[in-house]
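One structure is given here, and the rest of the page talks about it.
The values are calculated or read from the model by the stated rules, or taken from the named source; none is laboratory data. Please read all numbers here as calculations on a predicted model, not as lab measurements. With ideal geometry, Cβ positions are generated from the backbone for all residues, glycine too; neighbour counts draw on all protein chains shown. The protein model used for the area step is the full one, side chains on, heavy atoms only, and it has no ligands, DNA or RNA in it. Shrake-Rupley method; radii C 1.70, N 1.55, O 1.52, S 1.80 Å.
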Amino acid sequence: MIQIRLIIVAMFMTTSILSSAQTKSKNPFGLVYGDAITENIKGKVNIHPVAYKLNGIDIAANVYTPAGYDPSKKYPAVVVAHPNGGVKEQAAGLYAQRLAEAGYITVAADAAYQGASGGQPRHTDKPAFRTDDIRGMADFITQYKGVDANRLGVLGICGGGGYTLKAAQSDKRFKAVATLSMFNSGEVRRNGFQDSQLNTIHERLKQASDARAQEAEGGKIIYAGVASITDEEIAKTPTDLYREGYEYYYRTHAHPNSTFLYTMSSLLDLMTWDAATDMDLINQPLLMIAGSKADTKYMTDEAFSKATNAKTKELFLLDGATHIQSYWKPAYVNKAVTKLVDFYSNL
């Protein structure tokens, strides 16, 4: 695993890397996934950029409506939470669009402090905020014309999956709970990926504490993560998650609002949080999807085993898929969407 880099940066560092890839996409809605909507056509699935306030912060989101959408009718809806470092125009948008094709009204929003949403300091990544982002999407979409508020599902991808589990533990508006390639952000920030940093927990907490102290004094924001990476560094990355993740976020599906950076001070909250605690509070139907070859699957397994009170629960494996491949590879996306549509059919 590549060592985390400590950086004091201006955001032009990532924008300069990603802007060329975004320009190539030439999608009027900024979408960078395959088969994305390029124009709204009457009678077909449409995308609607929207904005709303959450805790005083401007949130940027996309709502997808089914073909033949009639606001006077009632439709089931699904909230889609994006991965860590991701934005609504990537994997979250793809799954939101595919679910809209199956008849659901869906919403994918950029997390507060991230993407096109507001909030300072940029790239603050605190679990309480990310969890409330999901509740905020529910607030918004249940008031959208045509949505049946009693038929609301939620889908969380990667880090958004971990936060979705936490949101669903308390928010019973979500009648069906699904995750895709769930990533337990707290466990990984605390212990390292696959428990690779157990010996440096207190050292990293000290770094986070010092970063917060510097912020409090009006100093520069310290960021952890990866601001840029070369092709050679990507090739030498040993884990599928990070190697394929760098390729996805910095090459094949790059977006200028997407970044691997987060404030160092966020670790104070991340490292003391865990997606897999209180899983017994989930009493809704639960579906957890993971690639059979995903090096992150251990996180899904742990959380799934603790969901002892779920009304129903199923662990569905995408045979042969890695974590990142579930974001974009058509064969795996098709299988995941088919399973999700079947799962949400009881909404």
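With springs connecting C-alpha atoms under 10 Å apart, model the chain as a Gaussian network and identify which of Ala109, Ala331, Ala100 has the largest mean-square fluctuation.
Comparing Ala109, Ala331, Ala100 in the GNM, the peak value goes to Ala331.
Need one number: convex hull volume per residue for the chain, Cα atoms only, in Å³.
Values: hull volume 41.9 nm³, N = 347.
Residue-normalised Cα hull volume stands at 121 Å³.
Ignoring ligands, DNA and RNA, please state the percent of accessible area on the chain from carbon and sulfur, probe 1.4 Å.
It is 52 percent, rounded to a whole number.
Would you list which aspartates and glutamates come within 14 Å of Lys53, measuring only between C-alpha atoms, while excluding same-chain residues fewer than 8 positions from it?
Hits, sequence-local ones excluded: Asp110, Asp132, Asp133, Asp139.
On C-alpha positions alone, give me the angle between the axis of helix 201-216 and the longest principal axis of the chain, in degrees, nearest 10.
The answer is roughly 90 degrees.
Report the extension gain between Thr272 and Lys311 in nm, rounded to one decimal, defined as 0.36 nm multiplied by the number of residues separating them, less their alpha carbon distance.
Using 0.36 nm per residue and subtracting the Cα-Cα distance, I get 11.2 nm.
Can you pull the one-decimal nm distance between simple spin-label points at Lys293 and Arg173, each 7 Å off the Cα toward Cβ?
4.0 nm
Given a 1.4 Å probe, how much area per residue of the chain is accessible, in Å²? Please report the intermediate quantities before stating the final value.
Numbers: 14000 Å² over 347 residues.
Using a 1.4 Å probe on heavy atoms only, each residue of the chain averages 40 Å².
Is region 164-257 rounded, prolate or oblate when judged by the Cα gyration tensor, a ≥ b ≥ c being the square roots of its eigenvalues, rounded requiring a/c under 1.5 and prolate requiring a/b larger than b/c?
Working: a/c = 1.55, a/b = 1.07, b/c = 1.45.
Oblate.
Identify all lysines with a Cα-Cα distance to Lys44 below 26 Å; exclude those on the same chain that are fewer than 8 residues away in sequence.
Lys24, Lys26, Lys73, Lys74, Lys88, Lys145, Lys329, Lys335, Lys339
Where does the charge balance sit around Thr142 when Lys and Arg score +1, Asp and Glu -1, over other residues with C-beta under 14 Å from its C-beta?
Taking every Cβ under 14 Å from that of Thr142, the sum is +4.
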